[in-house]
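Step one of this worksheet: look at the structure below.
None of the figures in this text is laboratory data; all of them are computed from the coordinates on show. A quick note: this is a predicted structure, and the numbers were derived from the prediction, not measured. Here the Cβ positions follow ideal geometry from the backbone for every residue, glycine too, while neighbour counts run over all protein chains shown.
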Amino acid sequence: MTLPNILTIARIVITPILFVSIYYNVYWVSISLYLLALLTDLLDGKIARSRGLTSAFGRSMDSVADKMLVMTGLMGLVLWGTTSLFLLFLFLYRELIILGVRGIRTADNSTLAEINDVLGRIRFVVLHAGILVLMIPSTNEMMHNLGIGLVLISLLMAYIVSAYYVYQHRKELKASMQPKSQKVKVKTPDIYTMMKMPSSMEVDQGEKEHQQ
């Protein structure tokens, strides 16, 4: 197993431990685990690209691990009463839309690729910064508003990226909505069957004999 895949699996393992620490209100442990998970996220992709260790497992599970971390962080903020459940729903709704689009098969039987642009990377930084700010135990209203503002900005960016993603693959999406053409399969008799079939002359002769 390669180092990037180990880091990705480590992030998946850290996430439920993070949720437990959030559930029991162990604030600084939660922040430390969240930062550790973020570190694995930054390192796995960088190491995989620099050393040529990219794999199908890494590409798929890295995305899953990222979403697990974000959703756990947002659920923790909801449990702490820092953010609303509606905000979590908006993030989850967006992820389900993109998940459905990515699952569509194209004409060459491959799935639609995920876009990776500057806006997406900025959104990543803004979102995690907002979650970390909100995780810090503080009664400072300015800090709270800063965290909420960062999360809302990242949410807006997420929907902009999603709209661009759908627009980028509009042809594939339109093609996927068309029903498959159903061709009538005509069975051609084999040589043995054709040899057993009476010819038209034999049929005419048989009819004449029957009439006589």
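Neighbour counts of other C-beta atoms within 10 Å: give me Leu7, Leu96, Leu53 arranged from fewest to most. Could you put the intermediate results ahead of the total?
Numbers: Leu7 23, Leu96 10, Leu53 14.
Fewest-to-most Cβ neighbours within 10 Å comes out as Leu96, Leu53, Leu7.
Cut-off is 10 Å between beta-carbons; in what order do Phe19, Phe86, Phe57 appear when sorted fewest neighbours first? Kindly include the intermediate steps, with their values, before the conclusion.
Details: Phe19 19, Phe86 8, Phe57 14.
Placing the least packed residue first, the sequence is Phe86, Phe57, Phe19.
Can you divide the C-alpha Rg of region 1-81 by 2.2 N^0.38 Å and report the result to two decimal places? Don't jump to the answer; show the numbers that get you there.
On the way: Rg = 13.3 Å, N = 81, 2.2 N^0.38 = 11.7 Å.
Computed over Cα atoms of region 1-81, the ratio equals 1.14.
What is region 1-81's relative contact order, in percent, from Cα pairs under 8 angstrom and six or more apart in sequence?
Numbers: 66 pairs, mean separation 38.5, N = 81.
Computed value for region 1-81: 48 percent relative contact order.
Note on Tyr159, Tyr167: ascending count of other Cβ atoms within 10 Å places them as Tyr167, Tyr159, the fewest first.
Region 120-185 and region 51-93 have their alpha-carbon centroids 11 Å apart.
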